[in-house]
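The values are calculated or read from the model by the stated rules, or taken from the named source; none is laboratory data. This is a predicted model, so every value here is computed, not measured. Virtual Cβ from ideal backbone geometry, glycine too; neighbours counted across all protein chains shown. Ligands, DNA and RNA are excluded from the accessible area calculation, which covers all protein heavy atoms including side chains. Shrake-Rupley method; radii C 1.70, N 1.55, O 1.52, S 1.80 Å.
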Amino acid sequence: MLLLARKNPPAGFPFVALTPSLCAILLSVFPVLQVFAQEPASPHTVAATSLSELLEEVEKNNPEIEAARQGWQAAKQVPTQVSTLPDPQFNLQHLSVGSPRPFAGYTNSDFAYLGLGVSQDIPYPGKLRLKGEIAKREADVSQEQVESVRRAVLAELKGIYFQLAYLSKTLTILEEDGDLLKQVEQAADARYRSGMGTQQDVLQAQLQKTKLLREIAVHHLQMGKLEAQIKQLLNRPQDSQDIEPSELAETALAQTYADLLAAAQVQNPEIASAQKMIERQSLQVDLARKDFYPDFNVQYMWQRTDPTQFRAYYMLSVGIKVPIYRSRKQRPELAQAQSEQLRARSEFQAQSQQVASELRTQYVVVQQTAELLKIHREGLSPQARSEFQAGLAAYQSNKQDFQALITAFLDVLHLDEDYWQNLAEYETAIARLEQLTRLTLQEEGAK
């Protein structure tokens with residue numbers, strides 16, 4: 001269209017001379033305008049799905065959450081295993097005298113016998129209990145990881161849902177602002193026909209209409225990508241019905257940063273997991289100290305020779321496993337456990353600082369975005385629309401040039417899009433605050 005526009009005569013030529021050229025241009029852009037005209041009045045043909053429904057579905061069906069839950073269930077089975085005594089060992093003995101044949105000398109020698117025995121390893125008192133406590137802390141860490149994965153998935157779902165709601169809303173805005181652009185096009189055409197306007201005004205209006213078509217196509221592309229991501233989280237088939245989000249609504253944040261930080265320090269799963277690791281490593285240090293003490297083994301044996309001539313034998317023995325290589329085994333083990341304990345404490349501090357930083361960042365986003373939304377509602381949006389209507393009237397009265405009118409129209413379009421994009425970012429930040437604090441801030445999500 002731009003090449004065709006350059007081939008047309010200058011704007012100062014008489015109207016009659018330009019008419020054939022204008023007809024050719026209108027014929028060239030007619031297919032585009034026809035496509036625009038065929039755009040549905042409303043793309044929302046599917047009933048809207050509330051965020052709460054999707055949150056319930058993702059908790060039931062998401063494979064990441066289920067994998068974390070099964071990992072926790074597996075970890076809960078460990079404490080009883082490691083805190084139980086080792087399995088006893090049963091022994092069967094046979095001693096023959098005078099010949100390797102079975103039972104040789106059994107009736108004429110008190111050395112030949114058939115024996116039954118049992119032995120049991122007994123760790124030093126307190127070791128099994130400590131191993132069980134360590135395994136319990138590991139299970140607690142797995143439980144916190146379940147909550148961490150769960151909240152991360154929920155926050156991701158919310159972020160995609162809000163972005164999808166923003167794109168869905170801006171599709172409606174593009175259609176509504178297409179009606180405003182139609183008024184601009186009609187005004188440019190009327191001025192051109194009356195000889196007061198230029199052919200360039202008509203072409204520029206049509207160019208803006210084609211740009212709207214392109215933006216609608218880009219929005220559909222982005223929505224398709226988001227639909228694929230949200231179906232992946234929900235564990236739905238990719239060829240299932242697309243999700244229509246509800247319209248975004250601003251969630252009021254009543255908590256201060258201090259309130260949110262206090263909740264995060266107590267309830268954040270990452271911080272809780274790091275705290276459990278400190279407790280685990282402290283128990284590991286105690287267990288390493290216990291390894292300096294000996295373990296025991298108890299054996300009991302019953303031996304039977306010919307009962308008509310000899311009496312049975314009963315034998316009890318106790319063995320002690322002495323840790324004589326302390327400098328090569330137990331001391332390095334203790335040093336390792338102490339270093340792991342210090343590392344766990346440092347990781348706890350780092351995790352606490354990271355959560356506080358992220359919490360502060362999201363809180364600032366919420367506060368500043370809320371201010372932007374207020375400025376949009378109370379100032380920018382109504383002012384831009386008033387300016388456009390005034391500019392349209394001035395252009396129709398030949399008191400303003402076309403470029404100023406197009407600028408006013410683009411202000412309306414971009415400010416409308418910016419408002420809903422800011423609202424999506426606001427709600428995403430609220431969702432992130434929920435993830436960090438375990439607080440429920442969004443009751444129905446986009447009610």
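Scanning region 195-248 for residues that are polar (S, T, N, Q), in contact (Cβ under 8 Å) with a residue 24 or more places away in the chain, under 25 Å from ALA155 (Cα atoms) and outside any loop (DSSP other than H, G, I, E, B) gives GLN222, GLN229.
Considering each residue of region 386-406 in turn, at least one proves to be loosely packed, with under 12 Cβ neighbours inside 10 Å, touching a Lys or Arg at 6+ places or on another chain (Cβ under 9 Å) and outside any helix (DSSP H, G or I). Pairs linking a residue in region 322-344 that is within 11 Å of PHE292 (Cβ to Cβ) to a residue that is of a type in the set (Gly, Ala, Ser), with Cβ atoms under 7 Å and 6 or more positions apart or on different chains, are GLU333/ALA288; LEU334/ALA288.
If you go through region 133-146, how many residues are open to solvent by 40 Å² or more (accessible area, probe 1.4 Å) and out of contact with any Leu (no Cβ under 6 Å at 6 or more places or on another chain)?
Initial filter on region 133-146 (open to solvent by 40 Å² or more (accessible area, probe 1.4 Å)): 133, 136-138, 140, 143, 145.
Filter again for out of contact with any Leu (no Cβ under 6 Å at 6 or more places or on another chain), leaving 136-138, 140, 143, 145.
Number satisfying all stated conditions: 6.
Residues that are in contact with a Ser or Thr (Cβ under 7 Å, 6 or more places away or on another chain), part of a strand (DSSP E or B), open to solvent by 70 Å² or more (accessible area, probe 1.4 Å) and at negative phi do occur in region 70-89. When we screen GLU147, GLU185, GLU133 for residues that are over 34 Å from the mean Cα position of the chain (by Cα) and of a type outside the set (Phe, Trp, Tyr), the only hit is GLU185. Is region 114-132 home to any residue that is on the phi > 0 side of the Ramachandran plot and open to solvent by 60 Å² or more (accessible area, probe 1.4 Å)? There is no residue in region 114-132 that is on the phi > 0 side of the Ramachandran plot and open to solvent by 60 Å² or more (accessible area, probe 1.4 Å). Contact map, region 168-180: residues that are acidic (Asp, Glu) paired with residues that are assigned to a helix (DSSP H, G or I), Cβ distance under 6 Å, separation 6+ or inter-chain. Pairs shown: ASP177/LEU413. Scan region 101-111 and give yes if some residue there is in contact with a Leu (Cβ under 9 Å, 6 or more places away or on another chain), surrounded by fewer than 17 Cβ atoms within 10 Å (Cβ to Cβ) and over 19 Å from ARG69 (Cα atoms), otherwise no. Yes, region 101-111 contains a residue that is in contact with a Leu (Cβ under 9 Å, 6 or more places away or on another chain), surrounded by fewer than 17 Cβ atoms within 10 Å (Cβ to Cβ) and over 19 Å from ARG69 (Cα atoms).
Would you mention how many residues in region 206-248 are within 30 Å of SER397 (Cα to Cα) and in contact with a Lys or Arg (Cβ under 9 Å, 6 or more places away or on another chain)? Outline the logic, then answer.
If we filter region 206-248 for residues that are within 30 Å of SER397 (Cα to Cα), which is where we start, we get 206-213.
Right, trim to in contact with a Lys or Arg (Cβ under 9 Å, 6 or more places away or on another chain) and you get 209.
Summing the residues that are within 30 Å of SER397 (Cα to Cα) and in contact with a Lys or Arg (Cβ under 9 Å, 6 or more places away or on another chain) in region 206-248 gives 1.
Would you check if VAL322 is on the phi < 0 side of the Ramachandran plot and surrounded by 15 or more Cβ atoms within 10 Å (Cβ to Cβ)? When the stated conditions are applied, VAL322 does not pass them. Put simply, of TYR300, TYR314, TYR257 the only residue that is free of Cβ contacts under 8 Å to residues at least 60 places away in the same chain and aromatic (Phe, Trp, Tyr) is TYR314. Cβ-Cβ distance below 9 Å, separation of 6 or more or different chains: which pairs start in region 59-73 with a residue that is touching a residue at least 24 places away in the same chain (Cβ under 8 Å) and end on one that is open to solvent by 70 Å² or more (accessible area, probe 1.4 Å) and assigned to a helix (DSSP H, G or I)? Partner pairs satisfying both residue conditions: ALA68/GLN145; GLY71/GLN145; TRP72/GLN143; TRP72/GLN145. When residues in region 283-314 are screened for being closer than 14 Å to ARG129 by Cα and open to solvent by 80 Å² or more (accessible area, probe 1.4 Å), 1 of them pass.
Filtering region 249-269 down to residues that are part of a helix (DSSP H, G or I) and open to solvent by less than 60 Å² (accessible area, probe 1.4 Å), which residue is farthest from ARG432 (Cα to Cα)?
First pass over region 249-269, keeping only residues part of a helix (DSSP H, G or I): 257-267, 269.
Next cut, open to solvent by less than 60 Å² (accessible area, probe 1.4 Å) only: 257, 260-264, 269.
Values: TYR257: 14, LEU260: 12, LEU261: 13, ALA262: 16, ALA263: 14, ALA264: 12, PRO269: 13 Å.
Of everything passing the filter in region 249-269, ALA262 is farthest from ARG432 (Cα to Cα).
I need the full set of residues from region 90-99 which are over 60 Å from the mean Cα position of the chain (by Cα) and part of a strand (DSSP E or B), in order please. So that I can check it myself, show each step before the final result.
So the first thing to find is which residues in region 90-99 are over 60 Å from the mean Cα position of the chain (by Cα), and the list is 93-99.
Within region 90-99, GLN93, HIS94, LEU95 qualify.
Which residues, taken from region 100-110, are under 12 Å from ARG304 (Cα atoms), in contact (Cβ under 8 Å) with a residue 24 or more places away in the chain and either not in a loop (DSSP other than H, G, I, E, B) or not acidic (Asp, Glu) (or both)? Before you say what the answer is, go through the steps one by one.
Filtering region 100-110 for residues under 12 Å from ARG304 (Cα atoms) gives 103, 106-107, 109-110.
In the following step, the residues that additionally are in contact (Cβ under 8 Å) with a residue 24 or more places away in the chain were identified as 106-107, 109-110.
Listed by number, the residues that qualify are TYR106, THR107, SER109.
Going by the structure shown, is TYR363 surrounded by fewer than 18 Cβ atoms within 10 Å (Cβ to Cβ), among the hydroxyl-bearing types (Ser, Thr, Tyr) and touching a residue at least 12 places away in the same chain (Cβ under 8 Å)? In short, no. Of the residues making up region 272-305, those that are part of a loop (DSSP other than H, G, I, E, B) and touching a strand residue (DSSP E or B) at 6+ places or on another chain (Cβ under 9 Å) are PRO294, THR305.
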